[in-house]
Amino acid sequence: MIYGNPAVKLERVPVRPKQLTLPSRDEFLQLVEAVARAGAWCSHDCADLLRGLAFTGCRKGEAAAIEWRDLDFAAGEIVVRGDAATGTKNWTVRRVPMIPDARALFERMRSERADERLNAKVFRVNEAQNAINSAVRKLSLPRITHHDLRHLFATASIESGVDIPTVSRWLGHKDGGALAMKTYGHLRREHSLAQAQRVSFAPVAAATGNVIPFSATA
């Protein structure tokens, strides 16, 4: 007869966070160009979906649900509602600011389809994985998924100086930034090396032109 839980003294094995392998920004642009020029009936629309995912950080299902009425150009925001039946992942509507690339994308798309009703879907395709796979093979890039573009948005935002809690809110996380810190708390190697070059113990010239030496006894 067992009088206690034999596993009570077992320790939880820590789970290592998955190392993200993301395309560089140049590789992303090459990917989009390859998708756009693939020659399929939906190539142009697939390329726009990839741009939209990378420029907004939306999940694939969230992007598929965006309608023209959800683009608030006056406020510079996107209203992310999610699927009509299932909502967003966290069942909340959120407003995501349009970065300049996103605004340019949506303004161009709207100008091309100015006659569409406000409740029409912005993106004409819901997914583009086959197009991505074909372009990746052509460019000899590692595998890229729709969700990688969400990660790319977050990483680009952080590398541009946006703080992690703010990025977390843009992504729709409800944990105060804990998941974002775990996932994006790193900086990609090339960015880290570039930032390291800004650290210096050399004398700093003050605004008056005087030189203030580093004090080792501060």
_Reachable aspartates and glutamates from LYS60, criterion Cα separation under 19 angstrom, eight or more residues apart if same chain_ = ASP45, ASP48, ASP70, GLU77, ASP83, ASP101, GLU127, ASP148
*Under 18 Å Cα to Cα from LYS138, which aspartates and glutamates show up? Leave out anything in the same chain fewer than 8 places away.*
ASP26, GLU27, GLU33
*To the nearest 0.05, how large is the calculated FRET efficiency for SER140 and ARG25 if R₀ is 25 Å and r is the Cβ-Cβ distance?*
0.90
*For the stretch 66-167, build the charge dipole from Cβ charges (+1 Lys, Arg; -1 Asp, Glu) around the Cα centre, then report which of LEU152, LEU141, ALA120 sits farthest towards its positive end.*
LEU141
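Every number here is computed from the coordinates shown, using simple stated rules; none is lab data. Remember, predicted model here, so these are calculated numbers, not experimental data. Ideal geometry is used to build each Cβ from the backbone, glycine not excepted, and the neighbour counts take in all protein chains shown.
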